[in-house]
Amino acid sequence: MEDNTGPRRVLLSIGIAAAVCAACGGPGTDHGDPRKVPPSSAEARQLLDTTVRLARAGDTGTLCRIVAAAEPMCRSLLESAAQSHLSAGHEVPRVLDEHLLDEPHSTPTLVLRLAGTHDDGREYTSDFAVIRDQSGIRSMTAIYWSEVQFAPRSPPATTSR
């Protein structure tokens, strides 16, 4: 029987996230489109600062409305984190690493790998995936304490003859 008291790890694929965030661009998107310009490190970190400020204030409604690229995904991650008893914690998470995922038919995504501590003292790592959409700089994983890991889409299987 599964113990539901521990954290649930979530792996978010670019393909799934792109489907939820259909307005973010995709195949056929004009290369002159500003949404194809990757977010800068400074932009991603500024968005993270805003997100942390809202989370620490308990204003997750505003967080999901103004930070998230897809409000339904944000609310889903928030609900999942709450069910798993995961909290944002009192400390600002540390950025461990950042890397750009820029595949030909998806929105360029700057991923900040974070480390932090939940209120109960448990440590976490999580990804804060940032894109540029029609509204500006947004996060696909705004609930940064949810322990979500953002992974590139798997390449299509090939068959040999």
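When Arg113 is tested against (1) open to solvent by 20 Å² or more (accessible area, probe 1.4 Å); (2) in a helix (DSSP H, G or I); (3) touching an Asp or Glu at 6+ places or on another chain (Cβ under 9 Å), just one condition goes unmet, and that condition is (2).
Only residues that are of a type in the set (Asp, Glu) and open to solvent by less than 10 Å² (accessible area, probe 1.4 Å): list them for segment 116-132, please. Within segment 116-132, Asp127 is the sole residue that qualifies.
Check segment 140-160 and report whether any residue there is among the β-branched types (Val, Ile, Thr), surrounded by fewer than 18 Cβ atoms within 10 Å (Cβ to Cβ), modelled with pLDDT under 95 and out of contact with any Leu (no Cβ under 8 Å at 6 or more places or on another chain). Yes: segment 140-160 contains one or more residues that are among the β-branched types (Val, Ile, Thr), surrounded by fewer than 18 Cβ atoms within 10 Å (Cβ to Cβ), modelled with pLDDT under 95 and out of contact with any Leu (no Cβ under 8 Å at 6 or more places or on another chain). Here is the figure for segment 61-82: residues that are assigned to a helix (DSSP H, G or I) and either of a type in the set (Lys, Arg) or in contact (Cβ under 8 Å) with a residue 24 or more places away in the chain (or both) total 11.
The values are calculated or read from the model by the stated rules, or taken from the named source; none is laboratory data. All values derive from a computational prediction rather than experimental measurement. Here the Cβ is made from the backbone with ideal geometry for all residues, glycine too, and neighbour counts use every protein chain on show. Ligands, DNA and RNA are excluded from the accessible area calculation, which covers all protein heavy atoms including side chains. Shrake-Rupley method; radii C 1.70, N 1.55, O 1.52, S 1.80 Å.
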